[in-house]
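Visitor: Before I ask anything, here is the structure I am working with.
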Amino acid sequence: MYRGFNIKGIEIKNKRLYDLGYAQSVKHNEAIAQKLNSFILGNGKIDGTKMQSNWFPTIKADIFLSHSHKDLDLAITLAGWLKDKFGLSTFIDSSVWGYSNNLLHQIDNDYCKIGDDLYSYDSRNFSTSHVHMMLASALTMMIDQAEILFFLNTPQSLSSDDIKQKTMSPWIYFELTTSRFIRKPIPDRLVPRVLNDSYKMAKTAGLDIEYTVDFSEFIELEADQINEWAAKANVRGVDALDSLYNMYPLD
């Protein structure tokens, strides 16, 4: 991940763009889903190393899109717009959440049941901790692989007081925190320019847990700025990302 952008105040309702984003998401989902069964070994064990290294077998994305599950339709439509306007591929993080839940459900039914409708508390804690750790590893690798992270900042994803913004989603908190500490390599095509610029390198019923989030390394983009980018960037692919970087150069 090279740069992060905090996307605010956008509304896109367009069936064609939604369908375009949805088709892209389905391809990513299928690439993940086809691997799930291969991770469960015949001896009742799970190959965690294999799962971690193969969670994203063929996915190459320019943008990692972090969002609230309640904003899924908006996230899919934004991904479609980015594809249509700039030819950019977007990975929508909820693709992983959904399949991790499917995997966990399968594991719990196979290994954690102690009755028709009962599960072992200890076994469920054990399976959940492992799947969530593998999910965290997979998300980290995908954030690292993508060149840019867009955070879809809406009232569904964040709440705020007078000073701080907070989320009750542990995964949003994880992704934003990871983005602060993960390596930030300069894309090869930008190395000369950057060096010349002196570049310096969840909620469960009845239980609310808040995490304070930090956007100090993110550039805030609202609808006007996104429209300005769209108007200025008469290019596609990574050239469109370069246009965005030119609009908001590093200090």
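Visitor: Could you rank D117, D251 by how accessible they are, 1.4 Å probe, largest area first?
Guide: Per-residue accessible area, sorted high to low, gives D251, D117.
Visitor: Under a Cβ-Cβ cut-off of 12 Å, what is the net charge of the residues other than E222 that fall near it, where Lys and Arg count +1 and Asp and Glu count -1?
Guide: Neighbourhood net charge equals -3.
Visitor: When the accessible area of the range 54-138 is computed with all protein chains present and a 1.4 Å probe, what percentage of it is carbon and sulfur?
Guide: 50
The values are calculated or read from the model by the stated rules, or taken from the named source; none is laboratory data. Keep in mind that what you see is a predicted model, and the values were worked out from it rather than measured. Cβ atoms come from the backbone with ideal geometry, glycine included; neighbour counts cover every protein chain shown. These area figures cover heavy atoms from the full protein model, side chains too; ligands, DNA and RNA do not enter into them. Shrake-Rupley method; radii C 1.70, N 1.55, O 1.52, S 1.80 Å.
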